[in-house]
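The structure appears below as structure tokens.
Read the figures in this text as sums done on the coordinates, not as results from a lab. Note that this is a predicted model, so its numbers are computed, not measured. Every residue, glycine as well, gets a Cβ built from its backbone with ideal geometry; the counts of neighbours run over all protein chains shown.
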Amino acid sequence: MRYTNDHFLKKKKQGEKTAVLTAYDASFAQLMENAGVEIILVGDSLGMVVQGNDSTIPVSIDDMIYHTQCVSHQTQQVLIMADLPFATTYNTELCYHNAARLLAEGGAQMVKIEGGQIMLDTVQFLTQRSIPVCAHLGLLPQSVYRLGGYKVQGKKENDAQQILDDAIAMEAVGADMILLECVPADLAKKITQAVQIPVIGIGAGKDCDAQVLVSYDMLGMSLNGSPSFSHNFLADLAKSDGEISIKSAFEAYVNAVQSGIFPH
Ligand code: KIV
């Protein structure tokens with residue numbers, strides 16, 4: 001039986017941290033599950049780390065379904081969250097159709113949607129029709145051409161307030177989780193305390209309920225280097241006496257997140 005939302009709500013109440021990683025194929029997914037990762041994100045970051053594009057924009061819904069299938073075939077327990085890629089959410093019916101495909105054909109248990117206020121009605125439509133949703137706020141990689149790069153969001157007071165308001169509004173319309181990307185740590189802490197649902201952080205400080213990294217970044221194998229908030233857990237093993245393997249790097253990451261050592 002796979003983990004459900006209840007499991008992560010209970011963990012939040014008990015102050016227990018959750019380790020999340022991205023995966024795009026069966027072998028990595030199985031190693032992660034065996035290492036104690038509890039949520040696997042089939043991220044549209046695959047457009048960059050697997051397909052070699054310079055953004056997530058070219059990823060299609062068929063790409064996402066294919067990679068979600070690869071992850072779901074060899075895992076039993078992890079909750080699989082799959083991204084709705086660029087231009088697949090621009091109206092509610094289309095978004096519902098694509099989200100339903102990720103669950104029914106891909107084997108995901110939750111979809112992730114980028115966007116705040118503008119996506120509220122759509123998120124409500126999906127959650128009222130039994131599709132679990134994670135709302136992705138802060139840095140939205142699908143908006144990179146408008147944002148002018150992969151920059152920290154919510155540094156100005158107005159922007160920070162908007163992200164906080166969006167998180168609260170997303171919870172009110174039924175979102176099951178929030179993912180905060182590249183926002184100041186104090187804002188992420190405020191949001192994590194303001195909502196009852198689990199908050200996953202990436203480049204958002206240590207106080208979120210869960211942490212996610214792009215697996216290729218934390219193994220030091222991303223094509224154009226890794227963001228500064230990431231950490232190379234495989235390289236750490238080379239400096240220790242322990243086994244040097246990808247599974248050990250995943251285990252080290254899980255331990256570091258659960259014990260609060262990562263992020264610093
Ligand atoms: O696509 C992805 O991997 C993501 C993470 C950066 C959170 O959305």
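Below are the figures for this structure:
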| quantity | calculated |
| --- | --- |
| Fluctuation leader among Arg146, Arg129, Arg101 - the chain, Gaussian network, Cα springs under 10 angstrom | Arg146 |
| Choice from Leu139, Leu94, Leu31 showing the highest fluctuation, given a GNM over the chain with Cα pairs closer than 10 Å | Leu94 |
| Under 20 Å from Lys10, Cα to Cα: lysines that are on another chain or at least 8 residues apart | Lys189, Lys190, Lys206 |
| Span from the segment 12-84 Cα centroid across to the segment 171-211 one, whole angstrom | 19 |
| GNM top mover of Asn34, Asn232, Asn224 - the chain, alpha-carbon springs below 10 Å | Asn224 |
| ³J(HN,Hα), Karplus 6.51/-1.76/1.60, whole Hz, each residue of segment 94-101, x for Gly, Pro | 5, 4, 4, 4, 5, 4, 4, 5 |
| Contour minus Cα-Cα distance for Leu223 and His97 (0.36 nm per residue) | 42.1 nm |
| Cα point-scatterer Debye curve for segment 5-259, base-10 log of I(q)/I(0) at q = 0.15 Å⁻¹ | -1.06 |
| Dimensions (Å) - segment 173-246, Cα atoms, principal axes, largest first | 45, 27, 22 |
| Length-normalised contact order of the chain in % [C-alpha pairs under 8 Å, at least 6 apart] | 19 |
| Global geometry of segment 41-162, whether rounded, prolate or oblate, following the gyration tensor of its Cα atoms and the 1.5 cut on a/c | oblate |
| Label-point gap, in nm, between Thr4 and Gln74 - each point 7 angstrom along Cα→Cβ | 2.9 |
